Amino acid sequence: MRRAAPRRPIRLRLTLVYSGLFLLAGAMLLAVTYGLVAQSLNTSLPAAVSAPYESYQAQAVKACAATAGGPAAVAKCKAQTRDSLEKVIKASVAFQRDKTLTRLLYYSLGALAVVAAVSAWLGWVVAGRALRPVHAITAAARAASEENLGERIALAGPDDELKELADTFDAMLARLDAAFASQRRFVANASHELRTPLTVMRAAIDVTLAKPDRSQAQLESMAGEVRQAVDRAEALIEALLTLARSDRGRGAAEPLDMAVLAEDALDAAAPAIRARAVTVEAALDPGPTLGDPVLVERLVMNLVDNAVRHNVPDGWIQVATGTCEGMAFIEVANGGEPIPREVVPSLFEPFRRLSGRAGPPDGTGLGLSIVRSVAVAHHGQVTARQRPTGGLEVAVLLPVHPG
């Protein structure tokens with residue numbers, strides 16, 4: 001039945017509301033005016049006719065005295081004359097009162113009908129002008145698509161609710177445009193990163209098979225290159241899956257301690273730390289939080305791995321955990337090459353590397369992207385800043401678990 005009902009645009013409904021409110025106000029004003037006029041026009045003898053009434057009564061008394069035979073007849077004639085005059089005057093006053101009220105009612109109803117029609121037309125025009133920004137927003141929403149998100153409403157006019165809605169819609173289109181552009185870059189970069197190990201494997205196999213007399217050492221060397229490429233592809237796929245999982249939000253939440261996770265991450269990175277002769281300084285105070293253990297563990301491991309991987313020989317790492325202002329935190333700082341200030345925010349983008357697309361041979365370019373995604377999924381914050389002497393400092397804040 002709702003589908004079969006005729007479409008009632010909001011402009012028509014606003015016009016009906018405006019007209020209805022005006023009619024209601026006009027009817028109330030008409031009723032009050034009619035009541036006040038009716039109360040003021042009473043049926044008593046007006047003061048304006050008192051003098052003529054006395055004159056007519058005096059003439060009637062003389063006529064009665066001239067025609068009547070005795071005092072009793074004269075008195076009776078006077079009484080009859082007075083009653084007749086009062087009835088005529090009251091009837092005239094009542095007739096005039098009714099005629100005045102009837103004219104007042106008809107004229108008022110006619111004027112109310114005319115003004116109501118004019119108000120309906122004005123309401124239709126005003127509603128159309130008021131809804132013009134809504135039509136612009138609707139047109140922009142219909143024109144928006146994945147390939148066309150550059151259009152903006154850019155509504156001009158007073159700073160009211162409709163302009164706020166249009167500005168909010170423009171901001172939403174800007175976010176969608178940035179999200180789709182980021183997604184396209186992510187897909188392109190992921191395709192490139194996944195194609196690289198496949199190219200390495202294919203080249204190693206083709207080069208080895210092209211040799212007529214392949215030795216056992218050559219086959220083992222090819223197998224080693226293929227294994228390294230497979231490991232790189234597996235690490236990249238695992239990182240992509242982790243990033244996709246964190247983008248969907250956290251899973252089952254469990255009580256966690258940042259200090260324990262940081263200690264486990266340092267133990268896991270111990271071989272790489274020894275290989276690069278990196279000095280570690282740790283201040284691990286309890287940092288209780290609530291989150292997905294797999295994602296938060298990956299967040300901490302990525303911070304430590306990023307600090308070890310992008311360091312200088314004989315460098316240093318500082319890891320600190322604890323609580324501050326109702327948030328559990330982990331801070332990881334490392335020495336390294338100087339990083340421009342304007343480049344720091346882009347480090348959280350997928351596959352973003354300072355040294356270009358190739359980057360470290362064993363990296364995926366998704367470490368800090370996963371850190372930011374996991375932090376956002378847990379209603380946390382992540383910040384990074386370059387150090388004046390070189391290197392990077394990354395801090396992650398997650399809500400404290402009171403238990």
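The values are calculated or read from the model by the stated rules, or taken from the named source; none is laboratory data. Note that the coordinates shown come from a computational prediction; the quantities given were computed from them, not determined experimentally. For neighbour counting, all protein chains shown are included, and Cβ atoms are generated from backbone atoms with ideal geometry for every residue, glycine included.
See the values below:
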quantity: Residues satisfying the stated conditions in segment 102-115, i.e. surrounded by 12 or more Cβ atoms within 10 Å (Cβ to Cβ) and farther than 30 Å from residue 18 by Cβ; calculated: none
quantity: Cross-chain or 6+ apart pairs with Cβ under 8 Å, segment 23-45 first and among the aromatic types (Phe, Trp, Tyr), then part of a helix (DSSP H, G or I) and at pLDDT below 85; calculated: 34/101; 34/104; 34/105; 34/108
quantity: Segment 320-341, residues that are surrounded by fewer than 16 Cβ atoms within 10 Å (Cβ to Cβ) and not small (Gly, Ala, Ser); calculated: 324, 325, 337, 338, 340, 341
quantity: Given (1) surrounded by 14 or more Cβ atoms within 10 Å (Cβ to Cβ); (2) at pLDDT 90 or above, number of the condition residue 246 does not satisfy; calculated: (2)
quantity: Any chance residue 178 is among the aliphatic types (A, V, I, L, M) and either part of a helix (DSSP H, G or I) or in the same structural domain as residue 26 (by TED's automatic domain parsing) (or both); calculated: yes
quantity: Pairs where the first residue, in segment 113-131, is at positive phi and the second is of a type in the set (S, T, N, Q) and surrounded by 13 or more Cβ atoms within 10 Å (Cβ to Cβ), C-beta under 8 Å, 6+ apart; calculated: none
quantity: Conditions (1) small (Gly, Ala, Ser); (2) more than 30 Å from residue 76 (Cβ to Cβ); (3) modelled with pLDDT under 75; (4) in a helix (DSSP H, G or I): number failed by residue 4; calculated: (4)
quantity: Condition check for residue 149: over 18 Å from residue 17 (Cα atoms), in contact with a helix residue (DSSP H, G or I) (Cβ under 9 Å, 6 or more places away or on another chain) and in a helix (DSSP H, G or I); calculated: no
quantity: Hey, residue 338 modelled with pLDDT under 85 and farther than 23 Å from residue 235 by Cβ or not; calculated: no
quantity: Criterion (in contact (Cβ under 8 Å) with a residue 24 or more places away in the chain and closer than 12 Å to residue 258 by Cα) met by exactly one of 296, 312, 304, 344; calculated: 296
quantity: Residues located in segment 291-305, provided they are surrounded by fewer than 20 Cβ atoms within 10 Å (Cβ to Cβ) and not acidic (Asp, Glu); calculated: 293, 294
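A quick yes/no check of all residues on (1) of a type in the set (Gly, Ala, Ser); (2) under 60 Å from the mean Cα position of the chain (by Cα):
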position: 71; (1), (2): no, no
position: 95; (1), (2): no, no
position: 109; (1), (2): no, yes
position: 116; (1), (2): yes, yes
position: 170; (1), (2): no, yes
